[in-house]
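Engineer: Before we start, here is the structure in question, set down as structure tokens.
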Amino acid sequence: MAKNTANSALELVRNDPDDSVGANQEIDLDDQWLYENRELSHHKFNLRVLSQARNQAHPLLERLMFLLIFSSNLDEFFEIRVSGLKKQLDFGRQRPGPDGINPEQVLKRIHQEVREALNEQYRILNDELFPSLAQENIRFLHRSEWNASLIAWTRTYFHDELLPVISPLGLDPAHPFPRLVNKSLNFILSLEGKDAFGRESGLAIVPAPRSLPRLIKVPKEILPKGDNFIFLSSIIHAYVDEFFPGMKVTDCHQFRVTRNADLEMSTVEVEDVASALQGELHSRRFGAATKLEVTLGCPDKLADFLLERFNLSQNELFRLDGPVNLQRLTAMLSMVERPDLRFPKFSPGAPAVLGEDQDIFAAVEKEDQLLLHPYESFIPIIDWMRQAAKDPTVLSIKQTLYRTNESSELVEALAEAARNGKEVTVVIELRARFDEEENIQFASILQEAGAVVVYGVMGYKTHAKMLLFVRRVANRLKRYAHLGTGNYHRKNSQIYTDYSLLTANEVLCNDVHKVFQQITGMGNKIQPKLLIHAPFNLRKTTIRMIEAEAQAAKEGKPASIIAKMNGLTEPNVIKALYQASQAGVKIRLIVRGVCCLKPGISGVSDNIEVTSVVGRFLEHSRVYFFENAEYQVYCSSADWMERNLRRRIEVSFPIIRKKLASRIIEELGAYLDDEVQSWAMQDDGSYLVKSISSCTKEVGVQSLLLKSLARN
């Protein structure tokens, strides 16, 4: 492999003959070449997701799903990350990160790389997936493929379902360019002729209301063979002239604008967080534009007109060889019954003591219990809450809620507990991105049931996953806790990998109680004995544990770190890892997404490996192993990122029971050994698929965990 810029720069330092820069001079760990750019690293993760759509080892509909996840991820990337960069430019506050690249340069690279990625995405769709789906009798019918009966049916559908709902908008001084909703499907038209009022503006917009399905399944009586679909856009294209009787439509092209969707709520003069947030939710739909997508054949004149209206540059225009609202294809997956084209179904496992109708309090009091979702079921946590709601010995329940599913069983159980007279306190994070409105509704439900609802601490998102029960057992109060790396979201627990710890450890549960007291009340800094929590000491303690491994290595002791997380961006943590590597600590990182550390740089990170696992399930668990720590294994709600360590309320908890800690270490080993669905980060920040040529196991780590932990 060619040496990257960082290695080249470091070699120059080592070989410089100038007396001030000797060969043995210590390497500057603040050198910008040692750090990968966060936004570009984020995009590289999304490219790894897109690559799964090419992977013929995946079932066909799962390949399509990966393609659509890429679209969803890309939308959020522009809504949040790109909009943040643009805002820095707009306000003249360019702040390069540790990598030294300014936002203007980053945006230029993003636009170039995203354009290439979108071209590849539509190539995969048009050249691989659509033809393969057609072979399986799942067809997406272009207008050129409509027969007479289908033409008649689509015309009837247009008149019955679309024409009464869609409101075309001619553009003239009395009809200015409309305020279009974020990511909505729209059409821009060129017109010839005059209307009944003598107007001839020449342009019109046809918005497709969100109430209309973007994908329509053709009835079996029209096309009996297979599953046949037509895009809403195709029907609108076919009959768009009927919106403008007496006029001629000369051009009709889809477009979609993506906007800034990052809510900003000032902590100044906010008396009610929920009310303030509700006001912000509406504005999200109409934030500043960040990306314009048009169809491939859209004339430059129309594209330039749209760019001007949205205040975007040519770099922010993306031409697509297909539907501009591709993510809405997801609806198709629920309209076809083809289990042979999906991943095989499985039933999550669970320890017998946590099974249905078991006394979960008794099981947890006997010994700590550990679950790894989705291989093991999330249902025991729901059952535990339901048992607590009915148990007369339970006096108090406290829980944090960051994200939960639409009709949350946990919220129902919390409400029941409150109605049963228990003291129920729920910390709901209203600012959980894109779940704000739903969380406001859950807060209202719980308040009506009599629960105490608080919204955390202004300026700090409550991201910790904690549940605490207080029972009266044999005339004394006993605490029980659930601590997790993921959200209290049953649906997510079926696709996200996360650890759940159920414990009655007196010290650990008392620490959880202290954190709840700190969030809901006021007081000085607390001193937990086992929990490590942000924003107070998690960053400092993490660095101290890394430094302890470095010291052990300097003393000639075995020293190693294994860390699994979603993202690694915190510069001080990265620097500590570099120093530990220089000291001889073997460091193996399993980082799903953003990683600003560069492994394998001579003299800096020789002893660091970075792996990213992308597969059927979204890797979400955060686990940290330090060989020389008192408790070797910690699970956490926090990644090693600035926001988690500085601006969120997070917890990291030790796995005290040695049997469970050993199990987690073994499972981490399975991730490190995987050579089927893993990517190895290179010293230039790029990623290469791990070769399976020398791999003795053809089963990836996720399949291995399914086999060992699930029921089937």
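The values are calculated or read from the model by the stated rules, or taken from the named source; none is laboratory data. Since the model is a prediction, treat every value here as computed from it, not as a measurement. Reconstructed Cβ throughout: ideal geometry from the backbone, glycine too, with neighbour counts over all protein chains shown. Side chains are part of the model used for accessible areas, which takes the heavy atoms of the whole protein and leaves out ligands, DNA and RNA. Shrake-Rupley method; radii C 1.70, N 1.55, O 1.52, S 1.80 Å.
Engineer: Within segment 505-525, work out how many residues are open to solvent by 10 Å² or more (accessible area, probe 1.4 Å), within 26 Å of Leu668 (Cβ to Cβ) and touching a residue at least 24 places away in the same chain (Cβ under 8 Å).
Structural biologist: 1
Engineer: Could you check segment 412-435 and list, in sequence order, the residues that are at positive phi and either at pLDDT 90 or above or buried (at least 18 other Cβ atoms within 10 Å of the Cβ) (or both)?
Structural biologist: Residue satisfying the conditions is Gly421 alone.
Engineer: Tell me yes or no: at least one residue of segment 345-366 is among the hydroxyl-bearing types (Ser, Thr, Tyr) and surrounded by 17 or more Cβ atoms within 10 Å (Cβ to Cβ).
Structural biologist: No, segment 345-366 contains no residue that is among the hydroxyl-bearing types (Ser, Thr, Tyr) and surrounded by 17 or more Cβ atoms within 10 Å (Cβ to Cβ).
Engineer: Give me the pairs: first residue in segment 642-670 and free of Cβ contacts under 8 Å to residues at least 60 places away in the same chain, second residue part of a strand (DSSP E or B), beta-carbon distance under 6 Å, and six or more apart or on different chains, which are they?
Structural biologist: Every condition considered, the pairs that remain are Ala661/Val633.
Per-residue answers, yes or no, for (1) under 30 Å from Val364 (Cα atoms); (2) modelled with pLDDT of 95 or more; (3) surrounded by 22 or more Cβ atoms within 10 Å (Cβ to Cβ); (4) under 20 Å from the mean Cα position of the chain (by Cα):
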{"site": "Asn628", "(1), (2), (3), (4)": "yes, yes, no, no"}
{"site": "Gln632", "(1), (2), (3), (4)": "yes, yes, no, no"}
{"site": "Cys635", "(1), (2), (3), (4)": "yes, yes, yes, yes"}
{"site": "Ala670", "(1), (2), (3), (4)": "yes, yes, no, no"}
{"site": "Gln677", "(1), (2), (3), (4)": "no, no, yes, yes"}
{"site": "Gln682", "(1), (2), (3), (4)": "no, yes, no, no"}
{"site": "Cys695", "(1), (2), (3), (4)": "no, no, no, no"}
{"site": "Glu698", "(1), (2), (3), (4)": "no, no, no, no"}
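Engineer: Right, here's the next one. Report every pair of residues separated by at least 6 positions or lying on different chains whose Cβ atoms are under 9 Å apart, first residue within segment 120-135 and within 11 Å of Leu320 (Cα to Cα), second part of a helix (DSSP H, G or I) and open to solvent by 10 Å² or more (accessible area, probe 1.4 Å).
Structural biologist: Pairs that qualify, where the first residue is within 11 Å of Leu320 (Cα to Cα) and the partner is part of a helix (DSSP H, G or I) and open to solvent by 10 Å² or more (accessible area, probe 1.4 Å), are Glu120/Leu47; Gln121/Ser71.
Engineer: For the list (1) in contact with a helix residue (DSSP H, G or I) (Cβ under 7 Å, 6 or more places away or on another chain); (2) more than 20 Å from Arg319 (Cβ to Cβ); (3) surrounded by fewer than 20 Cβ atoms within 10 Å (Cβ to Cβ), I need the number of the one condition that His111 fails.
Structural biologist: The number of the failed condition is (2).
Engineer: State which residue pairs qualify: first residue among the polar types (S, T, N, Q) and inside segment 58-76, second residue in a helix (DSSP H, G or I) and modelled with pLDDT under 95 in any location, beta carbons under 7 Å apart, and separation of 6 or more residues or different chains.
Structural biologist: From segment 58-76, the pairs are Ser71/Leu326; Ser71/Gln327; Ser72/Gln327.
Engineer: Something else now. Taking the conditions exactly as written (modelled with pLDDT of 95 or more, surrounded by fewer than 16 Cβ atoms within 10 Å (Cβ to Cβ) and part of a loop (DSSP other than H, G, I, E, B)), does Pro209 satisfy them or not?
Structural biologist: In short, no.
Engineer: Of Lys422, Lys398, Lys390, Lys345, which residue is of a type in the set (D, E, K, R) and touching a Phe, Trp or Tyr at 6+ places or on another chain (Cβ under 8 Å)?
Structural biologist: Going through Lys422, Lys398, Lys390, Lys345 in turn, the sole match is Lys398.
Engineer: Is there a residue in segment 646-655 that is open to solvent by 50 Å² or more (accessible area, probe 1.4 Å) and under 30 Å from Thr520 (Cβ atoms)?
Structural biologist: Within segment 646-655, one or more residues are open to solvent by 50 Å² or more (accessible area, probe 1.4 Å) and under 30 Å from Thr520 (Cβ atoms).
Engineer: Moving on to the next point. Would you please list the contacts, defined by Cβ atoms under 8 Å and residues six or more apart or on different chains, that run from a residue in segment 41-52 that is at negative phi and open to solvent by less than 10 Å² (accessible area, probe 1.4 Å) to a residue that is among the aromatic types (Phe, Trp, Tyr) and not in a helix (DSSP H, G or I)?
Structural biologist: Once the first residue is at negative phi and open to solvent by less than 10 Å² (accessible area, probe 1.4 Å) and sits in segment 41-52, its partners that are among the aromatic types (Phe, Trp, Tyr) and not in a helix (DSSP H, G or I) give Arg48/Trp679; Arg48/Tyr687.
Engineer: In addition: Could you tell me whether Gly97 is open to solvent by less than 60 Å² (accessible area, probe 1.4 Å), at pLDDT below 95 and under 19 Å from Pro571 (Cα atoms)?
Structural biologist: yes
Engineer: Would you mind stating whether Ser444 is open to solvent by 10 Å² or more (accessible area, probe 1.4 Å), under 30 Å from Leu232 (Cα atoms) and free of Cβ contacts under 8 Å to residues at least 24 places away in the same chain?
Structural biologist: So Ser444 fails the test.
Engineer: Identify, please: which residue in segment 238-262 is assigned to a helix (DSSP H, G or I) and in contact (Cβ under 8 Å) with a residue 12 or more places away in the chain and is, among those, surrounded by the most Cβ atoms within 10 Å (Cβ to Cβ)?
Structural biologist: Phe243
Engineer: Still on this structure: Confirm whether Ile235 is assigned to a strand (DSSP E or B) and surrounded by 13 or more Cβ atoms within 10 Å (Cβ to Cβ).
Structural biologist: no
Engineer: Okay, next question. Filter segment 62-94 down to residues that are small (Gly, Ala, Ser) and open to solvent by 20 Å² or more (accessible area, probe 1.4 Å), then give me how many there are.
Structural biologist: 3
Engineer: Test each condition in (1) surrounded by 24 or more Cβ atoms within 10 Å (Cβ to Cβ); (2) touching a Leu at 6+ places or on another chain (Cβ under 7 Å); (3) not charged (D, E, K, R) for Ala451 and report the one that comes out false.
Structural biologist: Tallying (1) surrounded by 24 or more Cβ atoms within 10 Å (Cβ to Cβ); (2) touching a Leu at 6+ places or on another chain (Cβ under 7 Å); (3) not charged (D, E, K, R), Ala451 fails exactly one: (1).
Engineer: Hey, Ile664 hits all of (1) under 25 Å from the mean Cα position of the chain (by Cα); (2) open to solvent by 10 Å² or more (accessible area, probe 1.4 Å) but one; which does it fall short on?
Structural biologist: Of (1) under 25 Å from the mean Cα position of the chain (by Cα); (2) open to solvent by 10 Å² or more (accessible area, probe 1.4 Å), only one is false for Ile664: (2).
Engineer: Just one of Asp160, Asp172 is more than 34 Å from the chain's Cα centre (by Cα), farther than 17 Å from Phe255 by Cβ and open to solvent by 50 Å² or more (accessible area, probe 1.4 Å); which is it?
Structural biologist: Going through Asp160, Asp172 in turn, just one is more than 34 Å from the chain's Cα centre (by Cα), farther than 17 Å from Phe255 by Cβ and open to solvent by 50 Å² or more (accessible area, probe 1.4 Å): Asp160.
Engineer: For segment 605-628: of the residues being in contact with an Asp or Glu (Cβ under 8 Å, 6 or more places away or on another chain) and part of a loop (DSSP other than H, G, I, E, B), which is farthest from Asp30 (Cα to Cα)?
Structural biologist: Once the filter is applied, the top-ranked residue is Arg616.
Engineer: Going through Pro103, Pro131 one at a time, which residue ends up being out of contact with any strand residue (DSSP E or B) (no Cβ under 9 Å at 6 or more places or on another chain) and at pLDDT 95 or above?
Structural biologist: Just a single option satisfies the conditions, and that option is Pro131.
Engineer: Within segment 39-72, how many residues are under 15 Å from the mean Cα position of the chain (by Cα) and either part of a loop (DSSP other than H, G, I, E, B) or under 22 Å from Gly685 (Cα atoms) (or both)?
Structural biologist: Residues flagged as under 15 Å from the mean Cα position of the chain (by Cα) and either part of a loop (DSSP other than H, G, I, E, B) or under 22 Å from Gly685 (Cα atoms) (or both) within segment 39-72 amount to 12.
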